[in-house]
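The values are calculated or read from the model by the stated rules, or taken from the named source; none is laboratory data. Note that this is a predicted model, so its numbers are computed, not measured. As a convention, Cβ positions derive from the backbone with ideal geometry for all residues, glycine included, and neighbour counts pool all protein chains shown. To get the accessible areas, we keep the full protein, side chains included, count just its heavy atoms, and leave off ligands, DNA and RNA. Shrake-Rupley method; radii C 1.70, N 1.55, O 1.52, S 1.80 Å.
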Amino acid sequence: MPVVVPKPLRTLGSSPRACFGRHALAALAVLALAGLAARPAAAEGLAKDLFGAKKLPAVAAPQSIGFYSKGCFAGGVAIPMDGPKWEVMRPSRNRRWGHPTMIALIEKLSRDAAADGWPGLLVGDISQPRGGPMLTGHASHQIGLDADIWLTPMPDRKLSIDQRENMSATLLVDEKTHLVKDALWVPAHMRLLKRAASYAEVERILVNPGIKKKLCDTVKGDRAWLRKVRPFWGHDYHFHIRIGCQPGSPNCKAQENTAPGDGCDQSLAWWFTEEPWRPNKNPDRPKARDVMTMASLPAACQAVLDGPDPASAEAVTFYGDGVPVAAAPTLTVAPAPARASASGAAALPASINAFAATPEIGIPLPRPRPGN
Ligand SMILES: [Zn+2]
């Protein structure tokens, strides 16, 4: 993954917990989006510049639009910089935004993983406030349903902003052999990945092929969860959680289903051939994110880009506090948010409190190495 040059930071101080008025101005927000959607899509400018410049999400009901690598989302919320069992890394990137279900899931994983013996999560990139293509890094992470979690455990101290920007992650995989470095791999890594795969919302977990192989070679007993764990380039210091399209997002494009099985087969063996690691034949060909204009994205992304800001990042920061992951929260934040409540739990109303069955999981088929 390309290195992002840290930008100057704004320190995010502690402030009152956000209050999400569950019904407040919902209709207004929807109308605002609908009205804006009628405007012709602006084709000028690169989408990554336009989305990369947004500091805050669009106030609206949560909705993912398009595909993981070509889309955007409205109604995003931020994971707090710190939780009891997580810390956000590389904060200057401003990529701690996601669909509320994604953010709630990370918070839940942090608690469950801690109960399993993992000290806490170092949270990497999720999405930009309104998603869309990024100036650097990822092809996906565009619709608020992808998140990177470091495979380095959280230290037992609060990291400074400087440490969060500059601390190196541990590379778990040997670059030459593509095998896991046994001296660094611990059973807790396996338990963390298993826990992440255990949630119905999670459709895929992307890991380095070496990590997939380590799991294939060592997991005993229940191996059904291995089906969600897919090998991919990179992902040697973090793993990538991808959840499915959430209710309330009719224009979210689901991934292809995968073949059944644990994936410890030919599709994995391919990664240990020379083919996937050949140098890119067209190294100078621009990456998709570098040429996408607004016309490349679903038309509704223009409305997302033009949607109203909330009053502050804090107003749309989601403090889960043990609230179960809820599908399709009806959470709506007014542009001028009501501040709030001393009560511990943020209101993430469970308008639908059961997820639909997770579709069969798709394996990323062997394909030419992407440019990034
Ligand atoms: Zn990722």
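A few remarks follow.
- Residue in the stretch 182-189 that is open to solvent by 60 Å² or more (accessible area, probe 1.4 Å) and either within 16 Å of the ligand (Cβ to nearest atom) or of a type in the set (Gly, Ala, Ser) (or both) present: yes
- Under the condition of being of a type in the set (Lys, Arg) and within 23 Å of Cys216 (Cβ to Cβ), the residues counted in the stretch 156-195 number 5.
So that you can scan it fast, the table gives a plain yes or no per residue for (1) out of contact with any Ser or Thr (no Cβ under 9 Å at 6 or more places or on another chain); (2) touching a residue at least 60 places away in the same chain (Cβ under 8 Å):
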site	(1), (2)
Leu109	yes, yes
Gly120	no, no
Ile126	yes, no
Pro129	yes, yes
His138	no, yes
His141	no, yes
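- In the stretch 124-176, residue nearest to Val304 (Cα to Cα) [restricted to those that are at pLDDT below 95 and β-branched (Val, Ile, Thr)]: Thr136
- Residue-level check: of (1) more than 16 Å from the ligand (Cβ to nearest atom); (2) more than 30 Å from Val180 (Cα to Cα), Phe67 misses just (1).
- Selection status of Leu172, farther than 16 Å from Asp125 by Cβ and hydrophobic (A, V, I, L, M, F, W, C): yes
- Number of positions in the stretch 272-286 that are assigned to a helix (DSSP H, G or I) and open to solvent by 90 Å² or more (accessible area, probe 1.4 Å): 1
- For the stretch 287-309, the set of residues classified as modelled with pLDDT of 95 or more and part of a loop (DSSP other than H, G, I, E, B) consists of Leu297, Pro298, Ala299, Gly307, Pro308, Asp309, listed by residue number.
- Across the stretch 97-127, the number of residues qualifying as within 13 Å of the ligand (Cβ to nearest atom) and in a loop (DSSP other than H, G, I, E, B) comes to 3.
- Single match in Val173, Val77 (criterion: away from the ligand (no atom under 16 Å from the Cβ) and touching a residue at least 24 places away in the same chain (Cβ under 8 Å)): Val77
- If only residues of the stretch 129-149 that are open to solvent by 10 Å² or more (accessible area, probe 1.4 Å) and farther than 16 Å from Arg242 by Cβ are counted, the one that is farthest from the ligand (Cβ to nearest atom) is Leu135.
- Residues in the stretch 257-311 that are among the hydrophobic types (A, V, I, L, M, F, W, C) and over 27 Å from Gly210 (Cβ atoms): Val291, Met292, Met294, Ala295, Leu297, Ala299, Ala300, Cys301, Ala303, Val304, Leu305, Ala311.
- Strands (runs of 3 or more DSSP E) contained entirely in the stretch 197-266, each with at least 3 residues that are β-branched (Val, Ile, Thr) and away from the ligand (no atom under 16 Å from the Cβ): none
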